[in-house]
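Shown next, in structure tokens, is the structure this report addresses.
The values are calculated or read from the model by the stated rules, or taken from the named source; none is laboratory data. Note that the structure is predicted; figures quoted are calculated from it, not measured. Positions of Cβ are backbone-derived with ideal geometry, glycine not excepted, and every protein chain shown enters the neighbour counts.
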Amino acid sequence: MKITNRTFWKTEHLRAFATRVAAEELDPEQVRELHIEFTYKIRRGWRRSVGVVSGRASLGGRWMKIFLPTGEVVNRPRLAHTLAHEMAHIRGMGHKQMRGSSRYDWGEGWEGRYAWADSFPLEAKVQPVAATLGERRGARLEHARAMLKSWERRSRLAAGKLRRWRGHVRDLEKLLSAAAEARTDGGA
């Protein structure tokens, strides 16, 4: 299963939800080929803070997209339910076949079926602390020193190569000059 995470939620936590649901919904071969993208869906009227989750999947295909809210709350049972619903599409099921089901539709008892999801962690990724101006300048200085050292080494190597090739050219010129003199001395 390939996970692409375009959200601020930890990928390993989202993977845990997907793995749990996939174990119940898909064959091992389908799980291996499955590609899930977690992203945000911003649209007019989208309720930000209530944890609404939605999705899309290719019918009988291998990909699905799960849209998470941009707020700080995700309703975990809804996430698990949406994953199951979209995985049913992956298996080839249409909405008519899912109608009224607590497993794939919002039928009675769906909350109980996916109550296990409340125990799964879902935390935000730790955002790296931005470097201070002094730290950034220090890093640039280190990089500049490393580049200077690298180019000084290249310069020394180039100087050695130049000496060798100048000597090679000088030797070949002497050989050609001696051969030309031998021809003029021998032919006269």
All strands (runs of 3 or more DSSP E) inside the stretch 1-79 with 2 or more residues being more than 19 Å from residue 89 (Cβ to Cβ), at pLDDT 95 or above and not small (Gly, Ala, Ser): none
Matching residues, the stretch 67-77, being touching a strand residue (DSSP E or B) at 6+ places or on another chain (Cβ under 9 Å) and either free of Cβ contacts under 8 Å to residues at least 40 places away in the same chain or surrounded by fewer than 16 Cβ atoms within 10 Å (Cβ to Cβ) (or both): 67, 69, 70, 72
Test for residue 167: is it assigned by TED's automatic domain parsing to the domain that holds residue 72 and either part of a helix (DSSP H, G or I) or exposed (fewer than 10 other Cβ atoms within 10 Å of the Cβ) (or both): no
Number of the condition not met by residue 152 [criteria: (1) under 34 Å from the mean Cα position of the chain (by Cα); (2) surrounded by 10 or more Cβ atoms within 10 Å (Cβ to Cβ)]: (1)
Residue in the stretch 114-161 that is modelled with the highest pLDDT, counting only those that are outside any helix (DSSP H, G or I) and hydroxyl-bearing (Ser, Thr, Tyr): 114
Test result for residue 185, loosely packed, with under 10 Cβ neighbours inside 10 Å and assigned to a helix (DSSP H, G or I): yes
Residue within the stretch 128-137 that is in contact with a Ser or Thr (Cβ under 9 Å, 6 or more places away or on another chain) and closer than 30 Å to residue 11 by Cα present: no
Given (1) farther than 16 Å from residue 53 by Cα; (2) surrounded by 10 or more Cβ atoms within 10 Å (Cβ to Cβ), number of the condition residue 128 does not satisfy: (2)
Any hit, the stretch 88-102, residues being closer than 29 Å to residue 10 by Cβ, over 27 Å from the mean Cα position of the chain (by Cα) and either in a loop (DSSP other than H, G, I, E, B) or of a type in the set (A, V, I, L, M, F, W, C) (or both): yes
Flag for residue 105 being surrounded by 10 or more Cβ atoms within 10 Å (Cβ to Cβ), of a type outside the set (Ser, Thr, Tyr) and within 29 Å of residue 58 (Cβ to Cβ): yes
Checking residue 131 against (1) closer than 30 Å to residue 78 by Cβ; (2) touching a helix residue (DSSP H, G or I) at 6+ places or on another chain (Cβ under 9 Å), the condition it does not meet: (1)
